[in-house]
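Notes follow the structure.
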Amino acid sequence: MDDPTDSLLISPNSVLANALLRTIDMIRPRIAARAPRSITFVVGTQINGAPHLGTGIVQTAAFLLARAARRAFSIDTRVLFSALDNAPHDVIVDPESFHAYQKVYAHALGPQGVDELIDKHYRSFFESLFDLTDAEYSIETYTDQQADDVFRQTFVETVTRLDDIRWWLAPSHGTVHIRIPCPHCDWAEKRSERTKLVDIEGSQARFEAVCLDHGPYEASIGPGTGNYLDLSTLYRNLVKERVFAQDESTLYVMVKGGDWSFGCQLVDGAHAALGTDMRAIPPRIFSPMVLADTGAKLSKSLIREQHDAALPEGVEPWMLDTSRWSAGIDNYVDSLAWLVDAVMSDPKHFYRSFTTKELGRLMENRPNFGDQPRARDMAIYKKYFDQIATGDKTIEVRVGYSSMKRIKPGQLLRFVCRDESCLTKVIRVATYSTFEEMFTAEDPDAVNPGQDVTSQIQEIRRIFPRDKEALGVIAIEIEKV
Ligand SMILES: [Zn+2]
């Protein structure tokens, strides 16, 4: 193997790596058993503040795994980003009971505030990863998830058997944290001391709880009720995995930070206690953990507590807050994807941890990606390529595949034909319902110089038959750069 990362990365063998040729082979048994029509890589992130490197690595791994799985198994793949807006935003102590109460991000900020937070920290990062890997992604908040009837139904099924799972989900005290915020003020008892399951009738589980301001209240949880349901991390994962297990055509793969590998045994114990068919439970892929020099997981709050302003050796500012990367977002994504790709090239490198110092060293060896926005490659026939290269053709026509719908003015498009390429910039994007309608607005000479509209439509329809045209017609005005 003449892989350039071979000399850069050295990892010992491990039990897991020894059993695998490729990192993605981790999910091959499930694909062989279930023959899914598609694979969704699920990555969950608490959206409390700017992401650090550990978060960036897990998310980048999800997109690169989606690309690797698509290539390895010829199956449609995508990424689902689960934005955990149930992270605590405020915590206070009830002066009477001394119980801690918390209010989650979703309630403190509202849906628009949560959207803005996702936009600020993640949207352009995901768009750039999508551009790079061609892996479609969607974003779902925890608030959306818990409102879904299947999620609520699945929760009720599990809470019916709470006695079977309580010691798996809370091995130290058996009190599973089920938080149902006060309907008046959204505060919920953090450790569910006085939150009790009263009864289960049909598909509804009735709880009683105590608010620090409004006293005792009751709330029903089940399909069709609006009461918010917040669960401890292990319980939330149990329910989520059982929801995903019900989908027979899509294989869900949970992509998690390596520290999760210690906790999943408890989730599996709860699955087993419920008699779950383990063949249906989503496989999990643990991405490399980022460690401080002490061997502890890189933690922003821990460093803030211990080091005031100065960072410990080996920790660079961008590792704690990726928005402090000195170049643009595409440069950051190219660099991070290069790193994760190198690590993913061998299971020995992927299924282990890295110190910040080692990651810093690896990053210094990255190629020079420049600081220009990344150009998106568009394959094109020779005839049209030549027209674009001479500057005669300034409108490119495509149909409304979701990847095409994302093209925006200002973006760079590199038209590629065999070994030739031509860099252009998008000036304008217009959409039409048919090719005929497009030609009522666009100049035919800019689409295919010197050819009349009738023959142009015939030619375009040979490339895009009616069923493709039905996706919508997109005219992209470009200029050479
Ligand atoms: Zn209240």
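The values are calculated or read from the model by the stated rules, or taken from the named source; none is laboratory data. Just so we're clear, the structure is a prediction, and the values are computed from it rather than from any experiment. Positions of Cβ are backbone-derived with ideal geometry, glycine not excepted, and every protein chain shown enters the neighbour counts. Note: areas computed on protein heavy atoms with side chains; ligands, DNA, RNA excluded. Shrake-Rupley method; radii C 1.70, N 1.55, O 1.52, S 1.80 Å.
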Practice problem: Quickly run through the range 193-224 and pick out the residues that are in a loop (DSSP other than H, G, I, E, B), more than 11 Å from the ligand (Cβ to nearest atom) and acidic (Asp, Glu). | Solution: Glu193
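Being open to solvent by 10 Å² or more (accessible area, probe 1.4 Å) and out of contact with any Gly (no Cβ under 8 Å at 6 or more places or on another chain) is the filter here; which residues of the range 58-67 pass it?
Of all residues in the range 58-67, those open to solvent by 10 Å² or more (accessible area, probe 1.4 Å) come to 58, 67.
Within the range 58-67, just Arg67 meets the criteria.
Test Arg414 against the stated conditions and say whether it is open to solvent by 70 Å² or more (accessible area, probe 1.4 Å), modelled with pLDDT of 95 or more and not assigned by TED's automatic domain parsing to the domain that holds Asp134. Before the answer, list the steps.
Values: open to solvent by 70 Å² or more (accessible area, probe 1.4 Å): yes; modelled with pLDDT of 95 or more: no; not assigned by TED's automatic domain parsing to the domain that holds Asp134: yes.
It is false that Arg414 is open to solvent by 70 Å² or more (accessible area, probe 1.4 Å), modelled with pLDDT of 95 or more and not assigned by TED's automatic domain parsing to the domain that holds Asp134.
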Quiz prompt | Conditions (1) assigned to a helix (DSSP H, G or I); (2) touching a residue at least 24 places away in the same chain (Cβ under 8 Å); (3) farther than 30 Å from Asp346 by Cβ; number of the one not met by Trp260 | solution = (3)
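Counting just the residues of the range 101-151 that are acidic (Asp, Glu) and part of a helix (DSSP H, G or I), which one comes out nearest to Phe244 (Cα to Cα)? Walk me through how you get there before you give the answer.
Let us first name the residues in the range 101-151 that are acidic (Asp, Glu), namely 115-116, 119, 127, 131, 134, 136, 140, 144, 148-149.
Subsequent filtering for residues that are part of a helix (DSSP H, G or I) retains 115-116, 119, 127, 131, 144, 149.
Values: Asp115: 24, Glu116: 28, Asp119: 26, Glu127: 25, Asp131: 27, Asp144: 15, Asp149: 13 Å.
Among those residues, the one meeting the criterion is Asp149.
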Quiz prompt | Where Val150 falls short, out of the listed (1) open to solvent by 70 Å² or more (accessible area, probe 1.4 Å); (2) more than 16 Å from the ligand (Cβ to nearest atom); (3) not small (Gly, Ala, Ser) | solution = (1)
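Identify, from the list Gln458, Gln451, the residue that is open to solvent by 20 Å² or more (accessible area, probe 1.4 Å), more than 34 Å from the chain's Cα centre (by Cα) and farther than 25 Å from Ser421 by Cβ.
Numbers: Gln451 fails: farther than 25 Å from Ser421 by Cβ.
Answer to the check: Gln458.
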Self-check item: Breaking point among (1) touching a Lys or Arg at 6+ places or on another chain (Cβ under 6 Å); (2) modelled with pLDDT under 95, for Asp134
Solution: (1)
Quiz item: For the range 66-83, how many residues meet the condition of being part of a helix (DSSP H, G or I) and closer than 27 Å to Val114 by Cα?
Solution: 1
Quiz item: Does the range 169-188 hold any residues that are within 11 Å of the ligand (Cβ to nearest atom) and touching a strand residue (DSSP E or B) at 6+ places or on another chain (Cβ under 6 Å), and which are they?
Solution: Pro181, Cys182, Asp186, Trp187, Ala188
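Among the helices (runs of 4 or more DSSP H) confined wholly to the range 303-370, which include 2 or more residues that are more than 30 Å from Ala19 (Cα to Cα)?
Values: elements: 317-320, 329-344, 347-350, 356-364.
Fully inside the range 303-370 and qualifying: 317-320, 329-344.
Are there any strands (runs of 3 or more DSSP E) wholly within the range 380-481 with 2 or more residues that are of a type in the set (Gly, Ala, Ser), and if so which?
Details: elements: 395-399, 412-417, 420-432, 473-480.
Passing ranges, in order: 420-432.
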Self-check item: Residues of the range 68-90 satisfying the condition of being open to solvent by 30 Å² or more (accessible area, probe 1.4 Å) and touching a strand residue (DSSP E or B) at 6+ places or on another chain (Cβ under 6 Å)
Solution: Arg70, Asp76, Arg78, Pro88, His89, Asp90
Quiz item: Which residue pairs have Cβ atoms closer than 7 Å, lie 6 or more positions apart in sequence or on different chains, and pair a first residue in the range 168-187 that is outside the structural domain of Leu109 (by TED's automatic domain parsing) with a second residue that is within 16 Å of the ligand (Cβ to nearest atom) and of a type in the set (Lys, Arg)?
Solution: Asp186/Lys103; Trp187/Lys103
Self-check item: Test set (1) over 30 Å from Lys357 (Cβ atoms); (2) touching a Phe, Trp or Tyr at 6+ places or on another chain (Cβ under 8 Å); (3) open to solvent by 40 Å² or more (accessible area, probe 1.4 Å) - Leu132 fails condition number
Solution: (1)
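Kindly indicate the residue of the range 152-187 that is in a loop (DSSP other than H, G, I, E, B) and of a type in the set (Ser, Thr, Tyr) and also nearest to Asp230 (Cα to Cα) among those meeting that condition. So that I can check it myself, show each step before the final result.
Start the filter on the range 152-187 by keeping residues that are in a loop (DSSP other than H, G, I, E, B), which leaves 160-161, 170-177, 180-187.
After this cut, where a residue has to be of a type in the set (Ser, Thr, Tyr) as well, the list is 160, 172, 175.
Working: Thr160: 17, Ser172: 20, Thr175: 14 Å.
Checking each candidate, the answer is Thr175.
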Self-check item: Selection status of Glu157, at pLDDT 95 or above, more than 16 Å from the ligand (Cβ to nearest atom) and either open to solvent by 50 Å² or more (accessible area, probe 1.4 Å) or of a type in the set (Phe, Trp, Tyr) (or both)
Solution: yes
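Do we find that Asp163 is at pLDDT 95 or above, under 26 Å from Val114 (Cα atoms) and away from the ligand (no atom under 16 Å from the Cβ) in this structure? Give the derivation first.
On the way: at pLDDT 95 or above: yes; under 26 Å from Val114 (Cα atoms): no; away from the ligand (no atom under 16 Å from the Cβ): yes.
No, not satisfied.
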